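Single-structure report; data block below.
The values are calculated or read from the model by the stated rules, or taken from the named source; none is laboratory data. No experiment lies behind these values; they were computed from the predicted model shown. For neighbour counting, all protein chains shown are included, and Cβ atoms are generated from backbone atoms with ideal geometry for every residue, glycine included. For the accessible areas, the whole protein counts, side chains as well, though only heavy atoms, and no ligand, DNA or RNA atoms are used. Shrake-Rupley method; radii C 1.70, N 1.55, O 1.52, S 1.80 Å.
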Amino acid sequence: MYYNCMIKIKPTITYHFIEDYIYFIIAGKAQKIHDPDKFIYSLCNLLDGKRDFHNLEIELKNTHPTKAVYLNDILSTLDNAYILEDTALLGSNDNLSEYDKDRWSRNTEFFASYCKINDDKHDHQARLKQVRVTLLGIGGLGSHILYDLAALGVYNIRAVDFDKIELSNLNRQILYSESDFGRNKTDAAKDRMKTFFPTNNFEFINKKLSSSADVEEVIKGSDIVICVADKPRLDIQKWLNEACVKNKIPFITGGLDVTRAVLCTVIPRNTGCIECWKKAVENGDKTTLNLLQGENQFPQFEMPMPALVPLVSTLTGLMISEFTKLVTGVSKPQSLGKLLAFSFDDLSITEAESWTRQTDCTVCM
């Protein structure tokens with residue numbers, strides 16, 4: 001399988017020979033292989049991306065004539081450890097321009113750590129370029145998320161909000177400045193994104209969401225939805241869930257709860273939905289159910305919720321990480337059917353709730 005490859009050790013990986021072992025340093029961890037005659041070490045010194053399998057075999061027969069027959073096996077071992085790449089394959093994805101490859105070169109080196117020799121690390125960036133995202137809310141959380149999505153190389157974003165910019169926003173809302181006071185957030189965000197990412201294909205909608213039908217309208221054509229809208233506080237999650245489940249669109253949602261930050265991810269027909277979560281509570285946790293019912297008796301007043309920028313940026317980083325995993329498939333998202341909570345006090349991430357699809361769920365049945 002390696003015959004036509006121009007094989008190279010990934011530039012992010014170093015190797016060292018110490019006392020009969022070769023050590024590969026990968027993301028701060030050392031993997032070691034017993035190599036008493038330095039066969040593997042000699043091979044690694046040849047893996048510069050300028051030799052194919054045939055040339056490697058010839059050179060190794062000169063230095064290790066009895067071991068050269070194991071070349072394919074050793075390459076397989078190194079490949080299964082995500083150590084190798086094929087320089088002949090890299091950059092062959094036609095969906096990325098030279099601009100893309102240069103601007104997001106640091107992304108692709110990150111994605112390379114999840115690639116084997118027959119994978120092109122640029123494919124993951126191409127998925128980010130092509131994915132269609134709807135972002136609900138571009139306030140405290142949403143302004144970070146919009147910026148991060150653009151920095152990640154997401155070309156297609158529809159951002160929805162209805163608020164105007166005011167002084168108290170600026171402790172956490174990084175898209176805006178004092179010269180923007182009184183402007184619609186959608187207008188100011190559009191201007192800011194033009195300067196940061198001129199080739200974007202973003203759409204900004206100034207609209208207050210008032211029903212699941214409203215949500216359904218703005219998410220049409222999306223591959224994934226990120227919701228950080230918080231008004232009206234008790235209804236937005238219900239509308240989001242109904243609209244996304246109906247249209248089979250995965251969504252990530254999260255918010256701040258004073259000194260903790262929470263998030264969850266739902267893939268309709270795969271994980272349990274938000275209504276399944278409520279049903280699970282009804283079916284098994286009467287105390288929490290009573291507390292929730294008591295909470296619902298309070299009017300939906302618009303109190304100024306606490307929001308500290310370290311919590312905001314931490315939560316949005318977690319949400320964008322989960323988004324990246326969903327889109328590229330490089331790793332499994334950890335918030336599927338779970339409410340994960342980050343604590344400001346001890347920096348821990350814990351599973352606050354978990355649930356599965358409920359047979360009596362009226363939304364995703």
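Do we have residue 70 as open to solvent by 80 Å² or more (accessible area, probe 1.4 Å), out of contact with any strand residue (DSSP E or B) (no Cβ under 7 Å at 6 or more places or on another chain) and either within 29 Å of residue 155 (Cα to Cα) or touching a residue at least 60 places away in the same chain (Cβ under 8 Å) (or both) here? Answer is no for this residue.
Considering segment 24-60, the residues that are closer than 23 Å to residue 87 by Cβ and among the charged types (D, E, K, R) include one that is most open to solvent (accessible area, probe 1.4 Å), namely 50. If the condition is being outside any helix (DSSP H, G or I), at pLDDT 95 or above and open to solvent by 10 Å² or more (accessible area, probe 1.4 Å), then segment 117-136 contributes 131, 132. Criterion first (of a type in the set (Phe, Trp, Tyr), in a helix (DSSP H, G or I) and open to solvent by 50 Å² or more (accessible area, probe 1.4 Å)) does residue 277 satisfy it? Criteria met by residue 277. The single condition among (1) closer than 22 Å to residue 128 by Cβ; (2) loosely packed, with under 15 Cβ neighbours inside 10 Å; (3) free of Cβ contacts under 8 Å to residues at least 40 places away in the same chain that residue 99 does not satisfy is (3).
Within segment 7-23, restricting attention to residues that are open to solvent by less than 50 Å² (accessible area, probe 1.4 Å) and touching a residue at least 40 places away in the same chain (Cβ under 8 Å), which residue is nearest to residue 72 (Cα to Cα)? Result: 7. Considering the conditions (1) of a type outside the set (S, T, N, Q); (2) at pLDDT 95 or above; (3) under 19 Å from residue 2 (Cβ atoms), residue 25 is excluded by exactly one of them, (3).
Restricting the first member to segment 204-222 and to residues that are touching a residue at least 60 places away in the same chain (Cβ under 8 Å) and farther than 24 Å from residue 183 by Cβ, and the second to residues that are open to solvent by less than 50 Å² (accessible area, probe 1.4 Å) and not in a helix (DSSP H, G or I), the beta-carbon pairs closer than 7 Å and six or more apart or on different chains are 215/209; 219/134; 219/225; 219/249; 222/133; 222/134; 222/249.
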